[in-house]
1. So for the stretch 8-21 (the condition being at pLDDT below 90 and farther than 24 Å from ARG153 by Cβ), does at least one residue qualify?
2. Just checking, how many residues over the stretch 101-115 are over 14 Å from ARG178 (Cα atoms) and not hydroxyl-bearing (Ser, Thr, Tyr)?
3. Would you point out the residue of the stretch 226-285, among those that are touching a strand residue (DSSP E or B) at 6+ places or on another chain (Cβ under 8 Å), free of Cβ contacts under 8 Å to residues at least 24 places away in the same chain and in a helix (DSSP H, G or I), that is surrounded by the fewest Cβ atoms within 10 Å (Cβ to Cβ)?
4. Suppose the filter is surrounded by fewer than 20 Cβ atoms within 10 Å (Cβ to Cβ) and farther than 20 Å from LEU194 by Cα; does ALA104 pass it?
5. Filter the stretch 286-312 down to residues that are of a type in the set (Phe, Trp, Tyr) and either outside any strand (DSSP E or B) or modelled with pLDDT of 85 or more (or both) and give me whichever is farthest from ILE224 (Cα to Cα).
6. Across the stretch 107-140, which residue is surrounded by the fewest Cβ atoms within 10 Å (Cβ to Cβ) among those that are of a type in the set (A, V, I, L, M, F, W, C) and not in a helix (DSSP H, G or I)?
7. Answer with yes or no whether ARG60 is charged (D, E, K, R), at pLDDT below 90 and not in a loop (DSSP other than H, G, I, E, B).
8. Quick one: in the stretch 141-159, of everything that is in contact (Cβ under 8 Å) with a residue 12 or more places away in the chain and surrounded by fewer than 18 Cβ atoms within 10 Å (Cβ to Cβ), which residue is farthest from PHE21 (Cα to Cα)?
Amino acid sequence: MGIQRSHSSVTVTWTGMIGDFSLAVLKGAVGYFSGSRALLGDALYSASDAVSALNRLIPRRLSSKAGKRPNRSYRTEPVFAIMFAVLVLMGGLQIAVTSIRGIASGKVHIPDKFTLIAIFVFLGVKEVIFQFQYRFSKKQGDGQHTAYAEEHRFSLYTSLIVCVGVFLSVLGEAYQWRVMMYMDSVSALVVAGLVIRKGYLLITDSVYGPLVQKAEQGDDISFIETVQRVHGIITVDDLKAREQGHYITVDLKISVNPRITVLEANEIAERAKKLLMNRFVHVSEVNIQVVPYDPGYPYKSNHQLADNDMPTIIQ
């Protein structure tokens, strides 16, 4: 069940990444042929969203190959992400400089009217992708819905700014309002600022991520110590903490007495979940797998004595 849920979450993330990349290509093509600098900036922002989604997939792919817990430094230090972040910064600066030059020179280029229709279509497609990812993540309880919502908020801001800028430019041309004709360039300047912010965040996540790795490992120890205080839990067999924006999703595997009922085991897991979420406010979701405790050979638990009279090495 846990493996199937993980694969489904990866598939949803891939869907969003492919959707963002496709939107980036389409926005770039429409922005280039229509002459809208703002839409070109929006295309660059969508491409950076696709790279952010790819970064979330990197640790899972590595962990599935290595068969061990993923090291977060793999996620925060991909060379590809650093290189693309630099390109995003350069692209944002180029759009800002071009917009300023266009405003200063007085040369106004009004985007074609069909650009507005394309922008509304792009907004609709992006919203459908977001709703699909958000609702699926919320249903699965993997905690990624917080990251989806945070990224979608600024992506929506960018698209709305482009829409307003293009609309005002077209309206200014229709009524011959000279000032409003510059709104596409003005919105492109604002979008360039958002693109530069996005590139800066990609770089900081890539460069400064390893600095907080030790603190994250300390959090894992605190999680284990907290769970072990719950009455009825014998051991914590596995713990994985995954970052989802500003929040953390914790996956736990605990061992309980094999003689208790399923209902009692579920109550123990529920107590552990509530304790973690109440003590650590940055934990947004806790997924717990309960298994019967097995000491393994050569040890033997007392519940086996009723069915087997053979002596054991250690009782």
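1. yes
2. From the stretch 101-115, those over 14 Å from ARG178 (Cα atoms) are 101, 111-115; that's our starting set.
Now narrow it down to the ones that are not hydroxyl-bearing (Ser, Thr, Tyr): 101, 111-114.
Number satisfying all stated conditions: 5.
3. In this case the residue turns out to be MET277.
4. It is true that ALA104 is surrounded by fewer than 20 Cβ atoms within 10 Å (Cβ to Cβ) and farther than 20 Å from LEU194 by Cα.
5. Let us first name the residues in the stretch 286-312 that are of a type in the set (Phe, Trp, Tyr), namely 293, 297, 299.
Among the residues that remain, those that are also either outside any strand (DSSP E or B) or modelled with pLDDT of 85 or more (or both) are: 293, 297.
Details: TYR293: 17, TYR297: 25 Å.
Residue satisfying both the conditions and the ranking: TYR297.
6. Top of the filtered list is VAL108.
7. yes
8. GLY141
The values are calculated or read from the model by the stated rules, or taken from the named source; none is laboratory data. What you see is a predicted model, and the numbers here were worked out from it, not measured in a lab. Glycine gets a Cβ as well: all are built from the backbone with ideal geometry, and neighbour counts include every protein chain shown. In case anyone asks, the SASA skips ligands and DNA or RNA and just uses the protein heavy atoms, side chains included. Shrake-Rupley method; radii C 1.70, N 1.55, O 1.52, S 1.80 Å.
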